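Let me begin by presenting the structure, written as structure tokens, before commenting on it.
Just so it is clear, none of the values below were taken in a lab; they were calculated from the coordinates. In this text, all values refer to a predicted model and were calculated from it rather than measured experimentally. In this analysis, Cβ positions are derived from the backbone assuming ideal geometry, glycine residues included, and neighbour counts consider all displayed protein chains.
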Amino acid sequence: MLKFGVHFGHKKSRWNPKMKPYIFSEKGNVYIIDLEKTMALLEKSLEFARRVAANGGKIIFVGTKPQAKQVVEECARMAGMPFVNNRWLGGTLTNFREVKKRIKYLNDQEEKMAKGELQKYTKYERLRFKKEIERMNEKMGGIKKMDSLPQAIFVADAKENDLAVKEAKKMKIPVIGIVDTNTDPDPIDYPIPANDDALSSLRYVVGLVAKTIKETKKEPKPAPVQEKNNSKNKTS
């Protein structure tokens, strides 16, 4: 974790006092995260992710700041999970019924375009449909295969993505989250103290979560146990 810069926190002036238990020391006016605490909490988070994946559950990967966008999309796709890497749409979780209608509309329009059913419209109208699909994909392309609420969310920056965290808490959906030294860890069910700014740190942590999910989904499920018939034949 050292070589990925996971241990580097923020400047002292930007710290959140609630992160004190996870701070090892300070160097050059920058807080250093206690990697032993990080490792222990990371393993706890991975174990939770394993349980969700083993039960066929969904975990939304969320990361909307520039350095997190590509990492979140790549890792979520690798894990076969939904993701949000542009602006979080208010109501994604708390008003999922309406969001689901928009997802259905997007999928229907894409299917019509693929089948050539939009060719009957004028060139101007087809261009309008195309731009509409592009805009909707930018907003919800990562969740367009999600037909129900997820069993958990994973935020690559708990402070940056506080709206997603608030919605998850309101809906009683567990939250896994990277918490840097400037973050309040209290709302996060499975906090991972780590550098949430460095690309190398994000790739390491988000990649581990994705890899754990992917490997868990590949594991063969145990065969159902056959109940033995313990009844004995009666003799006359």
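Brief remarks follow.
- Geometric descriptor of segment 1-58, per residue, is 107 Å³ (volume of the convex hull of the Cα atoms).
- Within segment 1-103, the trypsin sites (Lys or Arg not before Pro) that combine a DSSP coil assignment with at most 15 other C-beta atoms in a 10 angstrom radius are Arg87.
- Loop-located trypsin sites (Lys or Arg not before Pro) in segment 140-200 whose Cβ has at most 14 other Cβ within 10 Å (DSSP): Lys145, Lys172
- Cα-only Debye scattering, segment 94-144: base-10 log of I(q)/I(0) at q = 0.17 Å⁻¹: -0.52
- In a reduced charge model with +1 at each Lys and Arg Cβ and -1 at each Asp and Glu Cβ, segment 24-85 shows a dipole moment near 240 debye about its Cα centre.
- Protection proxy ranking, peptides 210-219, 183-192, average beta carbon neighbours within 10 Å, highest first: 183-192, 210-219
- Rounded Å value of the spacing that divides the Cα centres of segment 78-135 and segment 1-28: 41 Å
- Basic side chains Lys and Arg get +1 at the Cβ, acidic Asp and Glu get -1 at the Cβ, and with that the dipole of the chain about its Cα centre reaches some 820 debye.
- Proportion of all alpha-carbon pairs of segment 115-157 beyond 12 Å (%): 73 percent
- Rg and Dmax of the chain, based on Cα coordinates, read 22.2, 91 Å.
- Considering only Ala198, Ile143, Thr181, the residue lying farthest towards the positive end of the dipole of the chain is Ile143, judged by Cα position with unit charges set on Cβ.
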